[in-house]
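For reference, the structure discussed in these notes is given below.
The values are calculated or read from the model by the stated rules, or taken from the named source; none is laboratory data. Just so you know, these numbers come straight off a predicted model, no measurement behind them. Cβ placement follows ideal geometry from the backbone for every residue including glycine, while neighbour counts extend to all protein chains displayed. For the accessible areas, the whole protein counts, side chains as well, though only heavy atoms, and no ligand, DNA or RNA atoms are used. Shrake-Rupley method; radii C 1.70, N 1.55, O 1.52, S 1.80 Å.
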Amino acid sequence: MSTGTLITVAPTGAEHAKSYVPNLPVTIEELVRTAKDCERVGASMIHVHIRGADTQPTLDLQRLKDTVAALREETSLVVQLSTGGAVTDPEEHRLRVLDALPDSASCTMGTVNFGDDVFMNRWEFVVELHKRMRDRGIVPEYEIFDLGQLASLRRLLDQHGLPSGGHVHVDLVMGVPGGMPGDAETLVAALRMIPEGATFSATGVGRTSIPVMLAALSAGGHLRVGMEDTISYARGERVRDNAQLVARAAGLAKIAQRPPMRPDEVRTLLQVAQSN
Ligand code: KMH
Ligand code: ZN
């Protein structure tokens, strides 16, 4: 059982339209402001999707680099870039994200239906992500949308070895239509398949946010929250901002006697390289 709780904020994602969610952080300034607010109330890592000037998702390399630099300048957060991007992003653009040299990057362990879309993650592509992250000293967060992807993670580690730093960290993304359900029973089933010595965080999308958060805390796991995953704070009530979600997660973590970890503690936990 971990003594503290790593809280990751996923503030933007690639799915919500700014026109529908006006408080979604999409500019670098908005992202930095959100990051600072979230760090103040207990976040230690940020999972970043960026948007272009038109507010649409982009994987523009210079903008990714500028975003990483701005977040490092203004916060102590561990900066994790999404290599998942949007469902329409080609593999070569998703691989190029790693050239922005974040501390960490997501690595989804298989293809999954994603609402009415398909989130493609071919085996050869996953292997390439894993190897390129290790070459660059980037710590992967293995994103798991369905239970079979944990078997793929074992296969990856058996065939291609441990990631940069040697520690394995998994994020269970639960409740996506097409993926595993977001409930305690499924979380426990997932834990039986997580590699020995690995740490995990969990997030439940939409209305599964709270059940997944409570289940993860009670099982010794870490938390991811943010407007990428839910734009409702409660039934019929929109999220005010990402900090509101982080503050609630931090409050529950304190009640569980596993208070939020500081970014430096998380760097040690995840074995984030000093040079990145
Ligand atoms: N936007 C989803 C298609 C990740 O960040 O690595 C993929 C996603 C996962 O959000
Ligand atoms: Zn994401």
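In summary, Thr58 fulfils each of the numbered conditions (1) without any contact (Cβ under 8 Å) to a residue 12 or more places away in the chain; (2) away from ligand 2 (no atom under 16 Å from the Cβ) with the single exception of condition (2). Given the structure, is Gly85 surrounded by fewer than 24 Cβ atoms within 10 Å (Cβ to Cβ), touching a residue at least 60 places away in the same chain (Cβ under 8 Å) and within 16 Å of ligand 2 (Cβ to nearest atom)? Criteria met by Gly85. For Thr67, indicate whether it is touching a strand residue (DSSP E or B) at 6+ places or on another chain (Cβ under 7 Å) and open to solvent by less than 40 Å² (accessible area, probe 1.4 Å). Against the criterion (touching a strand residue (DSSP E or B) at 6+ places or on another chain (Cβ under 7 Å) and open to solvent by less than 40 Å² (accessible area, probe 1.4 Å)), Thr67 qualifies. Of all residues in segment 196-212, count the ones that are surrounded by 24 or more Cβ atoms within 10 Å (Cβ to Cβ) and aliphatic (A, V, I, L, M). Counting residues in segment 196-212 that are surrounded by 24 or more Cβ atoms within 10 Å (Cβ to Cβ) and aliphatic (A, V, I, L, M) gives 2. Search segment 237-257 for residues that are over 14 Å from Ala43 (Cα atoms) and pair each with any residue that is open to solvent by less than 50 Å² (accessible area, probe 1.4 Å) and assigned to a helix (DSSP H, G or I) when their beta-carbon atoms are under 8 Å apart and the residues are at least 6 apart or on different chains. Hits for this filter: Val239/Leu245; Ala256/Leu217. Note on segment 62-113: residues that are within 18 Å of Glu30 (Cα to Cα) and more than 11 Å from ligand 1 (Cβ to nearest atom) total 18. When Thr3, Thr27, Thr8, Thr55 are checked against the criterion of being open to solvent by 10 Å² or more (accessible area, probe 1.4 Å) and touching a strand residue (DSSP E or B) at 6+ places or on another chain (Cβ under 8 Å), Thr27 stands alone in meeting it.
Filtering segment 101-119 to residues that are open to solvent by 10 Å² or more (accessible area, probe 1.4 Å) and under 14 Å from Val139 (Cβ atoms) leaves only Leu101. Does Asp37 satisfy being more than 16 Å from ligand 2 (Cβ to nearest atom), closer than 25 Å to Ala216 by Cα, surrounded by fewer than 24 Cβ atoms within 10 Å (Cβ to Cβ) and not small (Gly, Ala, Ser)? For Asp37, the condition - more than 16 Å from ligand 2 (Cβ to nearest atom), closer than 25 Å to Ala216 by Cα, surrounded by fewer than 24 Cβ atoms within 10 Å (Cβ to Cβ) and not small (Gly, Ala, Ser) - is met.
Considering (1) crowded, with 20+ Cβ neighbours inside 10 Å; (2) farther than 21 Å from Ala243 by Cβ, the lone condition that Val78 does not fulfil carries the number (2).
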